[in-house]
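Taking it in order: structure first as structure tokens, then the write-up.
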Amino acid sequence: QVQLVESGGGLVQAGASLRLSCAASGRTFSSFAMGWFRQAPGKERELTAAINWSGGTTSYADSVKGRFTISRDNAKNTAYLQMNSLKPEDTAVYYCALVRGSRLYYRDYEYDYWGQGTQVTVSS
């Protein structure tokens, strides 16, 4: 079993930055690809960014490309989402998720383990 705990969310003004962290325990973190998803009120959950097992390959939603950076430190069993130039439309609950595998994964149903989520609110 894998446990995921997100942290780093909060209330910020537009243009600010936040860094989300996702700490994993229970299994070998490097065996898993991971993704950051978000869900805004009244909207479906969407993939924000994904990273493969080694961190060498990443993918981003068009809405965050150039502003967000996903990374991971397998030695620390932790993944990150650096969010810059935040916009009000980035307001959502952000979730990290893991799936056993080496490639990128884009669909939420492919992921096996989920964190509890962390709220990000961006005011205008």
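The values are calculated or read from the model by the stated rules, or taken from the named source; none is laboratory data. In this text the structure is predicted, and so the values were computed from the model without any measurement. Glycine also receives a Cβ, built like all others from the backbone with ideal geometry; neighbour counts cover every protein chain displayed. To get the accessible areas, we keep the full protein, side chains included, count just its heavy atoms, and leave off ligands, DNA and RNA. Shrake-Rupley method; radii C 1.70, N 1.55, O 1.52, S 1.80 Å.
When the residues of segment 82-116 are filtered to those that are over 18 Å from residue 58 (Cβ atoms) and of a type in the set (Val, Ile, Thr), which remaining residue is farthest from the chain's Cα centre (by Cα)?
Going through the qualifying residues, I end up with 91.
Take the residues in segment 13-40 that are touching a strand residue (DSSP E or B) at 6+ places or on another chain (Cβ under 8 Å) and of a type in the set (D, E, K, R); name whichever of them is nearest to residue 62 (Cα to Cα).
That would be 38.
Sort out which residues of segment 25-41 are more than 10 Å from the chain's Cα centre (by Cα) and at pLDDT 95 or above, and write them in order of number.
Once the filter is applied, which keeps residues that are more than 10 Å from the chain's Cα centre (by Cα) and at pLDDT 95 or above, segment 25-41 yields 33, 39, 40.
Report every pair of residues separated by at least 6 positions or lying on different chains whose Cβ atoms are under 8 Å apart, first residue within segment 35-50 and farther than 17 Å from residue 104 by Cα and polar (S, T, N, Q), second at pLDDT 95 or above and part of a strand (DSSP E or B).
If the second residue must be at pLDDT 95 or above and part of a strand (DSSP E or B), the pairs left are 39/46; 39/92; 39/93; 39/95.
For segment 47-75, what are the residues that are among the small types (Gly, Ala, Ser) and surrounded by 15 or more Cβ atoms within 10 Å (Cβ to Cβ)?
Those that are among the small types (Gly, Ala, Ser) and surrounded by 15 or more Cβ atoms within 10 Å (Cβ to Cβ): 49, 50, 55, 59, 61.
Looking only at segment 1-46, which residues are among the basic types (Lys, Arg) and open to solvent by less than 40 Å² (accessible area, probe 1.4 Å)?
38
Test residue 99 against the criterion of being open to solvent by less than 50 Å² (accessible area, probe 1.4 Å), in contact (Cβ under 8 Å) with a residue 60 or more places away in the chain and over 28 Å from residue 15 (Cβ atoms), and give yes or no.
The answer is yes for residue 99.
From 80, 94, 105, grab the single residue that is under 11 Å from residue 33 (Cα atoms), open to solvent by less than 50 Å² (accessible area, probe 1.4 Å), at pLDDT 95 or above and touching a strand residue (DSSP E or B) at 6+ places or on another chain (Cβ under 7 Å).
Matching residue, one of 80, 94, 105: 105.
Of all residues in segment 7-26, how many are within 18 Å of residue 84 (Cα to Cα) and in a strand (DSSP E or B)?
Residues meeting the conditions: 10.
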